[in-house]
Amino acid sequence: MELLVTVCAWLGLGVLLLGVTGRLLWAWRAARIEGSVLPVMSARYGLRSLVHWLLPLSTRNQRLHPVVTLVSYLFHLCLLLAPLLVAGHVELWRQRWGFGWPTLPDPVIDVMTLVVMVAVLFFLLRRLAAPEVRNVTGWKEYLLLMVVVAPFVTGIIAHLHLLDYRLVMVLHIVSGTLWLVLIPFSWLSHMFWFFFTRSYMGSEFGAVRNARDW
Amino acid sequence: MADIEDARVEDAGIDQAVDKLEPARIEAVIRRVLGAGCGARLKVYLQTCVHCGLCADACHTYLSRDRDPDFAPVAKVKETIWEMVKRQGRVSPEFIKKCARIAYTECGACRRCSMYCPFGIDIAYLIMLVRRICALLGVVPVYLQDTVNSHAATSNQMWVQPDDWIDTLIWQEEDAADELEGVRIPLDREGADIMYSVIAPEPKILAQLIANMAVIMKVAGVDWTMPSLDGWDNSNMAMYSGDFEVMGRVERLHWERALQLKVKRVVMGECGHAYRGAVYDGPKWLGWSKPPIPMVHAVEFYYELLREGRIKIARKIKEPVTVQDPCNIVRGRGLHHKLRYIINELCEDFRDVSPRFEHNYCCAAGGGVINCGPPWKLSRLKSNRVKAEQLAATDAHLVVTPCHNCHSGIEDIIGYYGLGMHVTFINELLVKCMDRGDGSGEVER
Ligand code: HEM
Ligand code: HEM
Ligand code: SF4
Ligand code: SF4
């Protein structure tokens, strides 16, 4: 178990970090070759766009889809914070490196985990029910949704000791590693591309075309 | 489902070219276009898209066709460039035929969807890559290709011959002088403050617009000129067919003409495409960071004249009026407030549209769609029911459309959906409303 934790944590975080760095370096080079991208980038208008698209209901399309927007915000908030602030993770980190950081109480984490699970269920149903989404959904999309939710499902089962703890923990660690590893290599990479694609479009609208993009 | 009627449309420019395609050539062209030069944006966009369908509500074609999922922006990309990338260019001639239909007739590159996608993915850019591939394969709707051929041969869009051009200007000068004494259309006057650019439909079918402008220039006391030689038209349909070589040639000639005349500014007539080509796409292709001489669109120009009091309004239009925000000067230049300032100066009863400004619905004619000609007209009209509903909701009689494509597109929509409205350029309203300083002017409407 000890070994599995070490190997998986290194593997997951290592691939995530190296993968993201590699992708960004590649994009930097490719953007320089493309030539027309970098001159357009503007800090002011890029940030203006990011702020609008990161605040809920501040863009017209978010207002046209209030439910999707709110679910998505809660989902992302819990998804990003829960793994960072759960006592189990911080404890493992402290054992290894000798320092840690404050955590949220377990019941709060449980609620956040449930939020993520419900949100994924919502995304799943939306993919099945809305024709414009189903039309662009393939096995990859379903698979990624499963990968995204798996550490949360196994995490909460482990925490509540619903099934054999050791088995569930192994599943948790394996699925968590997969989660981390797939971020740079699937559309989960929207996590970091978001900041670049959005600020590029914001720059082009704002700095070049004198218009707003939200 | 794609519309059966659209899939059945016969277009020699597409059908005959597709019959001659060989898979090896398709593969080579796709690899070339999707290779080096567009690595960053293309690949990042493809990786980023989470297939969430949130861009669907942006597209007038999707909204107009009862939310048919095949008309969602992301679906247009899925059906074309995703496949090309996934199959590394190994696609069939039939596939290219479908790509041409989608890229040329079902997307007007209006870029509304990049304001609806949370990531700002530029679907129009991806669709333009598809058009580029189709153009290099020679698969282009026949009417659109004809305008490109005209650009290549005459440098204008409608086969206007050099003597016709000069004749038309002289004839319009005479007409204008009948309306207001002393009006001139100064040709090739070096060092003038302004060169006025028009697009080929003006001399060809709407020559009156040139006379109107001459009257406006006279009243405002502007030092202006028009070129007598090629380079006067930069409407540039090659920009939309994907023939960027010809596009670049047209833009270069246009700017060279302006440089030769040593003018201080170029005023672009009421056309969105031409403005886009001259200010953005042309310079970008030619490797210039910006146009060599500042260009202002007619809307900016009229705004200046009215703001500075160089033109005074003697009487206002009484009929209810609404507006079509042209994509290329609104999303493309942010001129919507100036446009409304002008309309409010000229009209008593302005009824704004909703959604408006950057969120306007495209006219469905722009981006080369109307230039695909009669075979695709029904498809185009079906693709813009939302525009008809939007206009009808204003109960206006007159639609101000400061763009040639919007003008024709909206006119068609008004006819097809029986809206009983009329379209007008600002230019036509200005000559009716302005104080000519000689006590004349037309009777009130
Ligand atoms: C190598 C990797 C990982 C290890 C060793 C690990 C280990 C743990 C441990 C020991 C717990 C505490 C269980 C308990 O309270 O009994 C836990 C909970 C949790 N883990 Fe992980 N984890 C890993 C990766 C991940 C990843 C990548 C995610 C996120 C996406 C994740 C999400 C969670 C969540 C949300 C909980 C809390 C569930 C709840 O209490 O409701 N874990 N994990
Ligand atoms: C700071 C980081 C992130 C940002 C800014 C971000 C942003 C977005 C945005 C804008 C969407 C668009 C659709 C919507 O609003 O529902 C989205 C969807 C999604 N995100 Fe993220 N995201 C981030 C991180 C992540 C991470 C780390 C994951 C999981 C590993 C993730 C999983 C998802 C999923 C599954 C969807 C799609 C839901 C669906 O429609 O099926 N996101 N994200
Ligand atoms: S027509 Fe406009 S909104 Fe529709 S896909 Fe093309 S660029 Fe996007
Ligand atoms: S809104 Fe953007 S991310 Fe979502 S499907 Fe459309 S293009 Fe893809």
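The values are calculated or read from the model by the stated rules, or taken from the named source; none is laboratory data. Just so we're clear, the structure is a prediction, and the values are computed from it rather than from any experiment. As a convention, Cβ positions derive from the backbone with ideal geometry for all residues, glycine included, and neighbour counts pool all protein chains shown. Please note that ligands, DNA and RNA were not included when accessible areas were found on the heavy atoms of the full protein model with its side chains. Shrake-Rupley method; radii C 1.70, N 1.55, O 1.52, S 1.80 Å.
General observations
- Selection within region B:22-37: residues that are under 16 Å from residue B:130 (Cβ atoms) and within 14 Å of chain A (Cβ to nearest Cβ). The member of this set that is modelled with the lowest pLDDT is B:37.
- Residue in region B:136-146 that is among the polar types (S, T, N, Q) and part of a loop (DSSP other than H, G, I, E, B) present: no
- Flag for residue A:23 being closer than 28 Å to residue A:84 by Cα, touching a residue at least 24 places away in the same chain (Cβ under 8 Å), open to solvent by 40 Å² or more (accessible area, probe 1.4 Å) and in a helix (DSSP H, G or I): yes
- Matching residues in region B:48-63 - criterion: being open to solvent by less than 10 Å² (accessible area, probe 1.4 Å), within 15 Å of ligand 2 (Cβ to nearest atom) and either at positive phi or more than 8 Å from chain A (Cβ to nearest Cβ) (or both): B:53
- Criterion applied to A:143, A:121, A:171, A:167 was being within 14 Å of chain B (Cβ to nearest Cβ) and without any contact (Cβ under 8 Å) to a residue 40 or more places away in the chain, and the one residue passing it is A:143.
- For region B:287-352, the helices (runs of 4 or more DSSP H) that sit wholly inside it and include 1 or more residues that are open to solvent by 20 Å² or more (accessible area, probe 1.4 Å), away from every other protein chain (no Cβ under 14 Å) and more than 30 Å from residue B:252 (Cβ to Cβ) are B:298-307, B:336-346.
Conditions tested, residue by residue: (1) under 18 Å from residue A:154 (Cα atoms); (2) within 18 Å of the chain's Cα centre (by Cα).
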position	(1), (2)
A:76	no, yes
A:83	yes, yes
A:107	yes, no
A:121	yes, yes
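- Inter-residue pairs, beta-carbon under 7 Å, first in a loop (DSSP other than H, G, I, E, B) and in region B:44-55, second within 16 Å of ligand 1 (Cβ to nearest atom), 6+ apart: B:50/A:190
- Residue match in region B:355-371 (condition: acidic (Asp, Glu), in contact (Cβ under 8 Å) with a residue 40 or more places away in the chain and assigned by TED's automatic domain parsing to the domain that holds residue B:423): yes
- Single residue of B:98, B:86 found to be within 12 Å of chain A (Cβ to nearest Cβ) and basic (Lys, Arg): B:86
- Residue that is farthest from ligand 2 (Cβ to nearest atom), among those in region B:325-382 that are aromatic (Phe, Trp, Tyr) and out of contact with any strand residue (DSSP E or B) (no Cβ under 7 Å at 6 or more places or on another chain): B:341
- Filtered residues of region B:77-108 (kept if surrounded by fewer than 24 Cβ atoms within 10 Å (Cβ to Cβ), assigned to a loop (DSSP other than H, G, I, E, B) and touching a residue at least 40 places away in the same chain (Cβ under 8 Å)): B:88, B:89, B:90, B:91, B:92
- Restricted to region B:258-299, and to residues there that are modelled with pLDDT of 95 or more and among the basic types (Lys, Arg), the residue that is nearest to residue B:425 (Cα to Cα) is B:265.
- Any hit, region B:247-256, residues being assigned by TED's automatic domain parsing to the domain that holds residue B:231, surrounded by fewer than 24 Cβ atoms within 10 Å (Cβ to Cβ) and in contact (Cβ under 8 Å) with a residue 60 or more places away in the chain: yes
- Test: residue in region B:121-139 that is farther than 30 Å from residue A:199 by Cβ and surrounded by fewer than 21 Cβ atoms within 10 Å (Cβ to Cβ): yes
- Filter result for residue A:178 (open to solvent by 30 Å² or more (accessible area, probe 1.4 Å), under 19 Å from the mean Cα position of the chain (by Cα) and more than 28 Å from residue B:121 (Cα to Cα)): no
- Identification of helices (runs of 4 or more DSSP H) wholly contained in region A:57-156 with 3 or more residues that are within 9 Å of ligand 2 (Cβ to nearest atom) yields A:66-85, A:106-129.
- Verdict on residue B:18 being in the same structural domain as residue B:97 (by TED's automatic domain parsing) and over 28 Å from the mean Cα position of the chain (by Cα): no
- When we screen B:6, B:66, B:19 for residues that are within 14 Å of another protein chain (Cβ to nearest Cβ), more than 16 Å from ligand 2 (Cβ to nearest atom) and surrounded by fewer than 23 Cβ atoms within 10 Å (Cβ to Cβ), the only hit is B:66.
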